[in-house]
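Nothing in this text is a laboratory measurement; each read-out follows from the coordinates by a stated rule. The model shown is predicted, which means the values in this text are computed figures rather than measured ones. Cβ coordinates were reconstructed from backbone atoms using ideal geometry, including for glycine residues, and neighbour counts include every protein chain displayed.
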Ligand code: SF4
Ligand code: SF4
């Protein structure tokens with residue numbers, strides 16, 4: 001048999017990336033997302049190590065197939081359901097246009113129940129028996145239409161796993177009892193460790209912030225298994241991210257997300273942080289979460305970063321959201337607006353051209369096959385000039401098509417706003433792996449049912 005070489009002829013392509021570690025560098029096969037960490041002084045020997053090349057070649061097709069299934073073989077199992085266009089808040093970076101939030105529609109209880117029955121019937125055809133599809137009531141502020149939302153949860157309890165993403169201002173004691181009793185997942189938005197920072201961009205229409213009220217809700221829900229908090233990273237709070245991590249940890253929060261702002265709407269771009277600057281603060285905050293874990297033995301999982309680690313170490317365990325292209329939009333989930341209009345993701349709700357149909361009028365499988373849905377669900381890094389040669393294209397995914405579309409003169413085949421931010425977090429994740437610290441960022445039991453399918457010892 002002829003000897004195969006890396007990067008020529010039939011040999012596999014591996015790219016070397018600097019992960020910012022003193023001893024290790026990463027070697028990545030971009031197509032399969034297979035990687036290995038190599039000691040810098042062994043790099044020369046690994047590229048001519050025939051045993052390594054042939055071991056990889058034997059598994060290459062399997063890896064490609066796994067990536068193909070992950071990217072193109074999944075069916076939706078969740079819906080971001082907007083029961084209202086309206087919100088009692090006027091946050092600077094909201095992706096729902098102001099006019100909609102002020103004067104938009106409220107879905108009636110009757111329509112919401114009709115919508116959930118349609119979805120129940122549809123998911124019977126896509127979700128395996130024994131598993132519940134997910135409905136996440138999303139916004140605008142879903143609890144401005146609380147009666148209809150709670151009536152839907154009550155009627156379909158057992159048919160769906162429900163979640164509510166809320167600004168928490170309408171979660172009174174009675175509502176908290178209801179969500180606990182019905183085991184509804186709750187995500188609360190809060191942007192900093194104190195009122196001055198958190199309320200800066202998150203205020204009601206009169207300009208009032210609610211930090212002090214929100215922290216009481218956090219205290220009531222902190223032990224609820226489906227509870228998490230979301231902090232959106234902007235120019236206004238990135239310098240305080242580490243303190244925010246301290247604050248969440250001290251408040252007993254177990255899972256949070258530190259999400260970089262989406263720049264789909266023009267107003268959001270006014271608080272868009274500089275890529276490199278945001279990455280620096282973000283990584284410092286991740287380090288802080290690790291220090292707190294080591295000091296107290298209690299983890300604060302930063303779920304969006306944990307998902308990046310999983311994307312690297314166990315691709316099939318990652319949750320499909322934004323960090324792979326095609327992203328989860330229109331594939332693993334879709335969004336329904338308050339009038340029943342369907343979009344690939346909530347991020348598109350304010351972008352009319354991406355309406356694929358209407359839940360009450362059109363067949364769901366047909367909507368998923370419309371050109372506008374396919375534009376999102378078939379978007380690939382391989383078609384994006386700046387990403388097609390990037391070694392980490394399957395760990396970053398060139399997010400986000402909605403942002404890319406609105407920021408690049410309607411050209412979806414372009415990367416989103418934060419290339420360097422994603423690059424840096426992938427480098428950091430590799431450094432953690434090199435230092436054998438990555439498990440400290442993951443929740444207990446994440447690997448239940450997983451199996452290792454490649455081992456090579458040099
Ligand atoms: S990348 Fe953008 S469009 Fe895709 S799931 Fe994330 S927010 Fe939605
Ligand atoms: S956005 Fe940047 S880091 Fe992400 S895949 Fe494209 S080039 Fe790579």
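A few points about this structure:
- Two-site FRET efficiency, residue 266 against residue 51, from Cβ-Cβ distance with R₀ of 51 Å, rounded to 0.05: 0.40
- Distances between every pair of Cα atoms in the chain, grouped in 20 Å steps from 0 to the bin holding the largest one, split as 24, 58, 18, 1 percent.
- For segment 96-245, convex hull of alpha carbons as volume per residue, Å³: 140
- Residue order, fewest to most beta carbons within 10 Å, for 262, 269: 269, 262
- The per residue volume of the convex hull around the alpha-carbon atoms of segment 7-125 is 192 Å³.
- The helix-only estimate of mean residue ellipticity at 222 nm for the chain, built from DSSP H runs of length n ≥ 4 each weighted as -39500 (n - 2.57), is -11000 deg cm²/dmol after division by the residue total.
- If you take the alpha carbon atoms of segment 1-76 and fit the smallest convex hull around them, that volume is 98 Å³ per residue.
- Of the residues 194, 246, 41, the one with the fewest other Cβ atoms within 10 Å heads the list, and the complete ranking is 41, 194, 246.
- Segment residue 159-residue 383, length gained on full extension (0.36 nm per residue, minus Cα span): 76.8 nm
- Cβ crowding within 10 Å ranks 179, 336 as 179, 336, fewest other Cβ atoms first.
- Extension gain, residue 75 back to residue 90 (0.36 nm per residue minus Cα-Cα distance, nm): 2.0 nm
- Between 0 and 90°, nearest 10: helix 109-123 axis offset from the chain longest Cα axis: 30
- Were the residues from residue 206 through residue 250 laid out at 0.36 nm apart, the gain over their Cα-Cα distance would be 12.8 nm.
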